[in-house]
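Remarks on the structure that follows.
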Amino acid sequence: MLSFGQRFEDFVETMTYRIVGNLVPLLFGAVVLWSYEPMLVAGLLVMIVLTVMAATPLIRRRQRLVSAREAAIARVSGHVADSLMNMETIRAFAAE
């Protein structure tokens, strides 16, 4: 549950501060560039598409690594919780 909350918070922060925060100035810049030369906007869009195409494989690879890390953390957390509960049970029956 904690992992889900943290991932949701990271997602919202990314959408709010990185994507929307960069999209508004980009749109403003596109409008200004369009008034000077429409080909500048086309060049800007081509560069953005090329950047996204280059970054997509890296993002997918990182996502696989993050998923594996989250699965390992969940497994370790389960073992720790089981161990702690077993110790509490032994203490309860030993009347400590």
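List, in order, the whole-Hz ³J(HN,Hα) value for each residue of the range 33-41 obtained from phi through the Karplus relation with A = 6.51, B = -1.76, C = 1.60 and θ = phi - 60°; use x for Gly and Pro.
Residue by residue, the range 33-41 yields 5, 4, 5, 8, 7, x, 5, 5, 5 Hz.
Label I19 and S35 with points 7 Å out from Cα along Cα→Cβ: what is the distance between them in nm?
2.9
With the other protein chains left in place, how much accessible area per residue, in square angstrom, belongs to the chain at a 1.4 angstrom probe?
Numbers: 8590 Å² over 96 residues.
That works out to 89 Å² per residue.
Tally up the carbon and sulfur contribution to the accessible surface of the chain as a whole percent, 1.4 Å probe, everything protein left in place.
Details: 6140 of 8590 Å².
Ligands and nucleic acids excluded, carbon and sulfur reach 72 percent.
Is there a quick way to get the dipole size of the chain? I mean about its Cα centre, with the Cβ of Lys and Arg at +1 and of Asp and Glu at -1; what is the value in debye to the nearest 20?
Values: 9 positive and 8 negative charges, 79 e Å.
In debye, rounded to 20, the chain gives about 380.
With the convex hull built on the Cα atoms of the chain, state its orientation-averaged projected area in nm². Mind dumping the intermediate values first?
Numbers: hull surface 33.3 nm².
If I average the Cα hull's projected area over directions, I get 8.3 nm².
Using θ = phi - 60° and the Karplus curve 6.51 cos²θ - 1.76 cosθ + 1.60, what whole-Hz ³J(HN,Hα) does each residue of the range 81-87 get, with Gly and Pro shown as x?
Residue by residue, the range 81-87 yields 5, 4, 5, 5, 5, 4, 5 Hz.
Points 7 angstrom from Cα along the Cβ direction at R69 and L50: gap in nanometres?
My value for the distance between the label points is 3.1 nm.
The values are calculated or read from the model by the stated rules, or taken from the named source; none is laboratory data. Bear in mind the structure is a predicted one, so any value in this text is a computation, not a measurement. With ideal geometry, Cβ positions are generated from the backbone for all residues, glycine too; neighbour counts draw on all protein chains shown. Note: areas computed on protein heavy atoms with side chains; ligands, DNA, RNA excluded. Shrake-Rupley method; radii C 1.70, N 1.55, O 1.52, S 1.80 Å.
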